[in-house]
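*Asks:* Once you've had a glance at the structure underneath, I'll fire off some questions.
Only the coordinates and a few stated rules stand behind these numbers; no lab work does. All of these numbers come straight from a predicted model, not from anything done at the bench. Here the Cβ positions follow ideal geometry from the backbone for every residue, glycine too, while neighbour counts run over all protein chains shown.
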Amino acid sequence: MPKVPGMIKGLGVTARTMAETIKPKKLGGGAHTVQYPHEKESPPIRARGVIALREDNCTACMLCARSCPDWCIFIEAHKDLAPPRRAGGAPRKVNKLDRFDIDYALCMYCGICVEVCPFDALFWSPEYEYSEPKIADLLHDKTKLGEWMETVPEAPALEAGAEKKKGK
């Protein structure tokens, strides 16, 4: 047989929590609902929205595409000759990006591609409103991914005692 004083104590906690939750927002009370299309909340600072591409940094190394568990990243590139790094050196071969697409209908937003990119070409943007009427329109190309870079916040300042990476 359950102990009645314990049940009464539990019901008291439940009643207090309910009372705090239903207080009006202006009185500093608990949770509230945002009426989404009419009112928009800003996402948290490190929210995962959409992946943005800084095309100039991409070397088409394919690490992001190979690391993606969903295989939703498509990259095509060609090799171009670039001037030598030192005087008298041979011309270099560099990859030039032709196609960089992410299929957001397949993406599971795990962030592995952003973490694995050694050249800081992929970033998280806090933008979350990019729905499309047709599922085929969720395939974003490098132009669209480059537009998302405008919404990427600046990197936070380094903590005391942290060192910058060499070359940055």
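*Asks:* Let me spell out the model: positive unit charges on the Cβ of Lys and Arg, negative unit charges on the Cβ of Asp and Glu, origin at the Cα centre of the range 1-140. What dipole size does that give, in debye rounded to 20? Before the final figure, lay out the partial values.
*Replies:* Working: 19 positive and 17 negative charges, 149 e Å.
Taking the Cα centre of the range 1-140 as origin, the dipole is about 720 debye.
*Asks:* Turning to a different aspect of this structure: Tell me, what HN-Hα J-couplings in whole Hz come from the Karplus equation 6.51 cos²θ - 1.76 cosθ + 1.60 at θ = phi - 60° for each residue of the range 97-105, using x for Gly and Pro?
*Replies:* With the stated coefficients, the range 97-105 comes to 6, 9, 9, 9, 10, 10, 8, 6, 6 Hz.
*Asks:* Can you spot the aspartates and glutamates whose alpha carbon is less than 14 Å from Lys165's alpha carbon? Ignore those fewer than 8 places along the same chain.
*Replies:* Of all the aspartates and glutamates, those that pass the test against Lys165 - Cα under 14 Å, at least 8 places apart if same chain - are Asp120.
*Asks:* Looking at the square roots a ≥ b ≥ c of the eigenvalues of the Cα gyration tensor of the chain, which shape do they give, rounded for a/c under 1.5, prolate if a/b is larger than b/c, or oblate? Please list the in-between numbers first.
*Replies:* Working: a/c = 2.87, a/b = 2.32, b/c = 1.24.
In terms of gyration-tensor shape, prolate.
*Asks:* Using the basic label-point model (7 angstrom from Cα toward the beta carbon), what is the Arg48 to Leu138 distance in nanometres?
*Replies:* Computed distance between label sites Arg48 and Leu138 equals 1.5 nm.
*Asks:* Given H placed on each backbone N at 1.01 Å, which residues far from Tyr104 in sequence or on other chains put an amide H within less than 5 Å of it?
*Replies:* For Tyr104, whose amide H was placed from the backbone, the distant partners under 5 Å are Leu139, His140.
*Asks:* Taking θ = phi - 60°, what integer Hz values does the Karplus form 6.51 cos²θ - 1.76 cosθ + 1.60 yield along the range 40-47, in sequence order, with x for Gly and Pro?
*Replies:* Those phi angles translate into 10, 8, 7, x, x, 4, 9, 5 Hz.
*Asks:* Next question, about the same structure. Identify the chymotrypsin sites (Phe, Trp or Tyr not before Pro) of the range 54-161 meeting these criteria: DSSP loop state and at most 15 other C-beta atoms within 10 Å of the C-beta. Kindly include the intermediate steps, with their values, before the conclusion.
*Replies:* On the way: sites: Trp71, Phe74, Phe100, Tyr104, Tyr109, Phe119, Phe123, Trp124, Tyr128, Tyr130, Trp148; in loops: Trp71, Tyr104, Tyr109, Phe119, Tyr128, Tyr130.
Here the sparse-neighbourhood loop sites are Trp71, Tyr109, Phe119, Tyr128, Tyr130.
*Asks:* Ok, one more. For the chain, take the longest principal axis of its alpha carbons; what is the angle in degrees between that and the long axis of helix 4-21, to the nearest 10 within 0 to 90?
*Replies:* With rounding to tens, the tilt is 60 degrees.
*Asks:* Moving on to the next point. Could you list the GluC sites (Glu not before Pro) in the range 126-168 that lie in coil according to DSSP, counting only those with at most 15 other Cβ atoms within 10 Å of their Cβ?
*Replies:* Numbers: sites: Glu127, Glu129, Glu147, Glu150, Glu154, Glu159, Glu163; in loops: Glu127, Glu129, Glu154, Glu159, Glu163.
Passing sites in the range 126-168 are Glu129, Glu154, Glu159, Glu163.
*Asks:* Could you derive backbone 3J(HN,Hα) for the range 71-83 from the dihedral phi with the Karplus parameters 6.51, -1.76 and 1.60 (θ = phi - 60°), listing whole Hz in sequence and x where the residue is Gly or Pro?
*Replies:* Computed from phi, the couplings for the range 71-83 are 6, 9, 9, 10, 10, 10, 8, 9, 9, 10, 8, 10, x Hz.
*Asks:* Rank the residues Ser67, Ser125 as a footprinting-exposure proxy: fewest other Cβ atoms within 10 Å of their Cβ go first. Display every interim value, and only then the final one.
*Replies:* Working: Ser67 14, Ser125 21.
Fewest-to-most ranking of Ser67, Ser125: Ser67, Ser125.
*Asks:* Identify the trypsin sites (Lys or Arg not before Pro) of the range 49-156 meeting these criteria: DSSP loop state and at most 13 other C-beta atoms within 10 Å of the C-beta.
*Replies:* Sparse-neighbourhood loop trypsin sites (Lys or Arg not before Pro): Arg85, Arg86, Lys134.
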